[in-house]
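Participant: Structure provided below as structure tokens; questions to follow.
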Amino acid sequence: MKKIQNFHILIVEDEEVSLKYLSKALELEGYHVEGALTGAQALEKFEKFSYDLIILDLNLPDINGLEVLSRIKSHDPKAEVIIITAYGSIETAVEAIKKGARDYLTKPLELEKLLLKVKNIYEMKALERENLLLKNYYKPSDPTIFIAESPKMKEILKMVEEIKNVDVTILLTGETGTGKSALAKYIHYTGNRKSYPFISINCSVYTEELLSSELFGYEKGAFTGATRAKPGLIEIAQGGTLFLDEIAEIPLNLQSKFLKVLEEKELFRLGGTKPIKVDVRFIAATNRNLHEEIEAKSFRKDLYYRLSTFEIRLPPLRERKEDIPALTELFLKKYNQRFKKNVKGLTKEAYQILLKYDFPGNVRELENIIERAVLLCKGDYITPELFHWGLQIASLSYFDPNYIKPLDQIVREYVQKILDYYGGNKAKAAKVLGISRTSLWRILKKEEYCS
């Protein structure tokens with residue numbers, strides 16, 4: 001029986017036979033279950049671990065069940081409690097409900113009723129997590145699309161097929177813009193964790209304090225302004241995948257804390273005293289050379305070894321140009337939809353420029369080029385004049401002599417395209433081009449002379 005993710009039950013029952021019976025029945029349903037024979041044992045366990053549900057017999061040999069309930073709710077108001085009380089003690093059950101219990105059952109227990117109540121609480125908790133998740137998570141429309149037409153990328157996908165269903169930490173390396181985030185999503189959404197969250201965080205955009213609270217969360221009162229408890233992204237990603245982009249940017253203090261999560265599969269919220277079990281696949285990415293970072297004492301060697309259980313290097317786009325046509329088609333479709341256009345493709349000359357360009361910005365740069373060209377395109381096909389000025393200049397040396405144009409002509413054609421896009425508004429066109437209206441007029445005037 002596969003364990004239900006992130007749902008832990010504590011049964012407090014002084015009759016050992018009943019405790020074993022209930023534990024077995026709930027375990028067969030897939031829940032994580034622990035037991036306690038006394039109130040003291042229950043409170044000791046509760047001090048050390050966060051349970052989602054406590055099934056509490058009010059008739060305990062050492063501590064009054066209502067007192068145990070009060071202490072549980074005082075320590076963790078979100079803990080759900082189902083109480084068990086003797087037949088005829090309804091008044092006690094009502095008092096327990098007033099103290100925060102979710103529901104009650106009377107002895108002798110009817111197992112089916114108990115299982116139904118537990119299921120209802122589990123589904124309620126799952127819905128709460130889902131609502132919380134929706135505030136932190138956006139599922140891409142086509143997360144399983146990953147372009148791999150080149151031999152190098154096909155080899156990478158073969159490796160991914162081997163490990164996507166294995167609980168192993170993955171480190172993605174490569175230059176900026178090579179598609180590390182897209183590959184992380186592909187691994188998640190084609191693997192056995194796809195029904196659970198994919199959470200992504202860029203570690204470079206946070207201060208140390210903010211990154212700590214984002215990853216690990218905090219308890220109410222942990223610091224000034226913490227008016228309520230907040231789970232961290234690691235906790236929210238339970239059962240799924242947490243993608244840590246720019247992992248080399250994590251400060252050293254947080255590196256040790258994160259290493260402990262990887263090693264012990266549990267975390268403490270800021271200000272928390274109880275460990276929270278985590279079942280998360282971690283995928284990290286960096287464009288840095290982590291061996292150099294280790295030498296510079298800015299990255300922990302032990303964390304690197306934990307992260308690099310399975311390391312995948314994504315080659316730059318200039319080393320896999322066979323992927324350019326398929327990537328271009330993908331981005332063309334994406335921005336046709338976004339801008340409500342129907343651009344059919346690129347001219348032969350435009351494709352030649354892309355195929356011969358080195359793409360220092362890799363796949364991200366190609367996407368930006370296509371986005372801009374689709375936005376500016378007025379016809380059916382993207383032509384070289386719709387590419388940005390730097391790409392046109394860089395591509396001149398690649399042309400067949402039959403396609404080379406004079407520099408003045410390229411400038412004029414490009415300026416005219418911008419002017420047409422802004423409906424002939426010379427002031428707007430000049431501002432976008434970063435030139436004066438006089439310069440714009442001179443460029444266009446040369447066209448008249450040459451025509």
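The values are calculated or read from the model by the stated rules, or taken from the named source; none is laboratory data. Quantities reported herein were computed from a predicted structural model and do not represent experimental measurements. Cβ atoms come from the backbone with ideal geometry, glycine included; neighbour counts cover every protein chain shown.
Participant: Which of the residues belonging to segment 234-260 are surrounded by 23 or more Cβ atoms within 10 Å (Cβ to Cβ) and in contact (Cβ under 8 Å) with a residue 60 or more places away in the chain?
Facilitator: Phe243, Ile247
Participant: Given the criterion of a type in the set (Asp, Glu) and at pLDDT below 80, identify the matching residue among Glu80, Glu91, Glu95.
Facilitator: One residue alone meets the criteria, Glu91.
Participant: Quick one: count up the residues across segment 275-289 that are modelled with pLDDT under 95, in contact with a Leu (Cβ under 8 Å, 6 or more places away or on another chain) and either among the polar types (S, T, N, Q) or not in a loop (DSSP other than H, G, I, E, B) (or both).
Facilitator: Count: 1.
Participant: Restricting to segment 327-348, name every residue that is assigned to a helix (DSSP H, G or I) and either basic (Lys, Arg) or surrounded by 15 or more Cβ atoms within 10 Å (Cβ to Cβ) (or both).
Facilitator: Matches in segment 327-348: Leu327, Thr328, Leu330, Phe331, Leu332, Lys333, Lys334, Tyr335, Asn336, Arg338, Lys348.
Participant: Within segment 67-90, can you find the residues that are closer than 18 Å to Glu15 by Cα and either assigned to a helix (DSSP H, G or I) or aliphatic (A, V, I, L, M) (or both)?
Facilitator: Val68, Ile82, Ile83, Ile84, Ala86
Participant: Does segment 69-86 contain any residue that is over 29 Å from Glu266 (Cβ atoms), surrounded by fewer than 16 Cβ atoms within 10 Å (Cβ to Cβ) and over 37 Å from the mean Cα position of the chain (by Cα)?
Facilitator: Yes, the conditions are met somewhere in segment 69-86.
Participant: Output the number of the condition that Leu115 fails; it satisfies all remaining conditions of (1) buried (at least 18 other Cβ atoms within 10 Å of the Cβ); (2) out of contact with any Lys or Arg (no Cβ under 7 Å at 6 or more places or on another chain); (3) modelled with pLDDT of 90 or more.
Facilitator: If we test Leu115 against (1) buried (at least 18 other Cβ atoms within 10 Å of the Cβ); (2) out of contact with any Lys or Arg (no Cβ under 7 Å at 6 or more places or on another chain); (3) modelled with pLDDT of 90 or more, just (1) comes out false.
Participant: Given the conditions (1) at pLDDT below 85; (2) surrounded by 14 or more Cβ atoms within 10 Å (Cβ to Cβ), which single one is not true for Gly65?
Facilitator: For Gly65, the failing item is (1).
Participant: Now for a different question. Quickly run through segment 251-273 and pick out the residues that are basic (Lys, Arg) and closer than 11 Å to Arg306 by Cβ.
Facilitator: Of everything in segment 251-273, just one residue is basic (Lys, Arg) and closer than 11 Å to Arg306 by Cβ, namely Lys260.
Participant: Still on this structure: Within segment 392-450, work out how many residues are assigned to a helix (DSSP H, G or I), more than 46 Å from the chain's Cα centre (by Cα) and at pLDDT below 70.
Facilitator: 5
Participant: Would you mind stating whether Ala296 is under 30 Å from Asp52 (Cα atoms) and among the small types (Gly, Ala, Ser)?
Facilitator: Judged against the criteria, Ala296 is not a match.
Participant: Determine whether segment 14-27 contains at least one residue that is under 31 Å from the mean Cα position of the chain (by Cα) and surrounded by 18 or more Cβ atoms within 10 Å (Cβ to Cβ).
Facilitator: No, because not a single residue in segment 14-27 is under 31 Å from the mean Cα position of the chain (by Cα) and surrounded by 18 or more Cβ atoms within 10 Å (Cβ to Cβ).
Participant: Related question: Let me confirm something: among Asp57, Asp52, Asp62, which residue is touching a Ser or Thr at 6+ places or on another chain (Cβ under 7 Å) and of a type in the set (Asp, Glu)?
Facilitator: It is Asp62.
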